[in-house]
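Heads up, the thing below is written out as structure tokens.
The values are calculated or read from the model by the stated rules, or taken from the named source; none is laboratory data. Since this is a predicted model, take the numbers as computed values, not measurements. Because the Cβ atoms are built from the backbone with ideal geometry, glycine has one as well, and the counts that use them run over all protein chains shown. What goes into the accessible areas is simple: the full protein's heavy atoms, side chains included, and nothing from ligands, DNA or RNA. Shrake-Rupley method; radii C 1.70, N 1.55, O 1.52, S 1.80 Å.
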Amino acid sequence: MAFFSKRSITGAAILTSVLISVASADDVYIAVAGPMTGSNAAVGEQMRYGASAAVDDLNSSGVLLDTKIRLIIADDACDPKQAVAVANRLAADQVRLVIGHYCSSSSIPASDVYAEAAIIQISPGSTNPQLTERGLKTVFRICGRDDQQGVVAADYILRHYSNSKIAILDDKSTAGKGIADIVASRLHDAGLQNLMRQSYMAGEKDYTALVSRLKREGIQIAYIGGYYAEIGLIVRQAADAQAGLTVMANDPLMTGEFWAIASGAANGTLFTFMPDATKKPEAADVVARLKASKRSAEGYTLYAYAAVQAWADAAKRAGSFNALRVAKALRSHEVDTVVGQVYFDAKGDNASPGFVVNRWHDNTIELVE
């Protein structure tokens, strides 16, 4: 009989699935770590859905012979200190794989713990380049990088808004500031000099002072590096102020929670994300089963699923769960997944994801280019 236990880890919560009657020495534990609570919990839910579905399918397929994979759900609330506490707990539990974290400010410090403990880490959504720039052999990401994403966003602005008044905003986070800096640098190098550049505090509810400045400065498009909760509030408050503003942002806007916050004001909001994996034929069965269980396949769901797929394929080819052997196998061979073919380069980056520009329209997401 299965039950769930909750343990407190210096402010973080870990939910561990413990199957007493069927657990055996052949059980292998993996974890999905991300914001299961807090303002980014919608993304944590996506990651949990994807990883859980992948584990269920992996266990039923018999790909890893008689091995049963058990999944631990770990909450870091996108807090760096909490993420390190989670990482230390997972290392003590000797998990073989961590799908996560989400926020780059969590993934980067946690990755040092996983590297030291020889645990494979595959992030579905941490896009800051520094995650894979430090030579850690067990660290991977299945999503793209901000030095790809930022260029796509900046080039779109250059094609469509080069004669407009432009603001570049960020929430001071590792990911938000990092990608905003990339966009600003790309625009500056292209000859756009008069850019408004400003940071804001994440977690606030009232951004009317920021919106008032944008309106006063006559800003026509604002690029925002941050997360969906705050960007949703800025978009809604800008609409209330009749600021006449178009917002473009980064990948965290790929969740229905953004529309729930901004409502109709979200119409026309642009953002970048990897190509929509739900439209890929290789994802059709998983998408259908998620839908049947009342779960969405949006956002990072399929990227978390694909991370488990890639790890399982590498472990099978390596004939081992040893992290260094699995890491070598991950880098030596492409694998077909629900998000398409995945190939990890020497740094641990997926060589194939790319980014596209999307737009919110009437609570749906449409591809722009």
Subject >> Gaussian network model of the chain, springs between alpha carbon atoms under 10 Å - residue of Ala222, Ala51, Ala306 with greatest fluctuation >> reply: Ala222
Original post:
Distance in nm between label sites at Ser296 and Asn322, each 7 Å beyond Cα in the beta-carbon direction?
Top reply: 4.3
Subject >> Cysteines (scope the chain) whose Cβ has no counterpart Cys Cβ under 4.7 Å >> reply: Cys143
Subject >> Rg ratio (alpha-carbon, reference 2.2 N^0.38 Å) - the range 47-124 >> reply: 1.12
**OP:** State which entries of Lys172/Lys280; Lys280/Lys347; Lys81/Lys316; Lys205/Lys347 exceed 28 angstrom in Cα-Cα distance in the structure shown.
**Re:** Lys172/Lys280; Lys81/Lys316; Lys205/Lys347
Original post:
Which lysines, on any chain, are close to Lys165 with Cα under 17 Å apart, when same-chain ones fewer than 8 places away are left out?
Top reply: Lys215
Original post:
For the chain, which whole percent of the accessible surface, found with a 1.4 angstrom probe, sits on carbon and sulfur atoms?
Top reply: 50
**OP:** Would you mind calculating the gained length between Ala241 and His160 on full extension (0.36 nm times residue separation, minus the Cα-Cα distance), in nm to one decimal?
**Re:** 26.8 nm
Original post:
Which of the peptides 193-204, 78-89 is most tightly packed, and how do the rest follow, going by the mean number of other Cβ atoms within 10 Å of each residue?
Top reply: 78-89, 193-204
**OP:** Mind checking which of Ala266, Val368, Ala92 is farthest towards the positive end of the chain's charge dipole, using Cβ charges of +1 (Lys, Arg) and -1 (Asp, Glu) about the Cα centre?
**Re:** Ala92
**OP:** Treating only the Cβ atoms of Lys and Arg (+1) and Asp and Glu (-1) as charged, compute the dipole magnitude of the chain about its Cα centre; round to the nearest 20 debye.
**Re:** 280
Subject >> Test item: Cα-centred dipole of the range 41-105, Lys/Arg +1 and Asp/Glu -1 on Cβ, debye >> reply: 160
**OP:** Using θ = phi - 60° and the Karplus relation 6.51 cos²θ - 1.76 cosθ + 1.60, list the HN-Hα couplings for the range 347-362 in order, rounded to whole Hz, with x at every Gly or Pro.
**Re:** 7, x, 8, 6, 6, 10, x, x, 9, 10, 9, 10, 9, 7, 8, 6
Original post:
Counting only heavy atoms of protein chains, what accessible area per residue, in Å², does the chain have with a probe of 1.4 Å?
Top reply: 41
Subject >> Listed residue (Val152, Gly125, Met254) projecting farthest to the positive dipole end of the chain, Cβ model >> reply: Gly125
Original post:
Label points 7 Å out from Cα along the Cβ direction at Met201 and Ser60: separation in nm?
Top reply: 4.9
Original post:
Charges only on Cβ, +1 for Lys and Arg, -1 for Asp and Glu: so what's the dipole of the range 215-282 about the Cα centre, in debye to the nearest 20?
Top reply: 180
